[in-house]
């Protein structure tokens, strides 16, 4: 099975000289997606993607997405002043053309931490209202208009990790009960393109997220 160590990826593409340095620099890498659907966020520890899958993609803080082969590819480093690099130019008709601000591919491809309130869980879907996106870069300042303070849905699958307020991992019925009773949550999730949004009770498409992690705060 393919095992890819942090050092190899750092040298080839991530612009992070070592694992320890990933905690000290400006976090040029936002997350790594593995071929087995695992999503890893900094700090990383070797092997990055375990023996059951290699690296599927690397998403940079800048919004750029790198895919294998990774040789010679690097995430742009953020500046010392904390300003993020300019967003790469977008070409063609990529992205989302629904009502409201055009959802950029770089925004849709990123796993965001989103704080909000929950209102019930049924058949793998959490009813959710987002309050804010944690650490939203300025260049995406209008991208959250489609989500914040809107009735939304969060897809919770078999690979979604659910934690209680003490960061204990919940599984099975305990996870289901916690999600159904949840009031305040933080989800790590991707916003799906508008053509994949679920409909509400009136048949109106509502923002839909695919969760990697859900923290039940209360």
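What follows draws every value from the coordinates through simple rules; no lab data is involved. Model, not experiment: these values are computed from the prediction.
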*Kirkwood Rh and Cα Rg combined as Rg over Rh, evaluated for the stretch 105-216*: 0.95
*Quick one: P(r) of the stretch 100-146 from all Cα-Cα pairs, 10 Å bins, percents rounded to integers, in order of increasing distance.*
22, 49, 27, 2
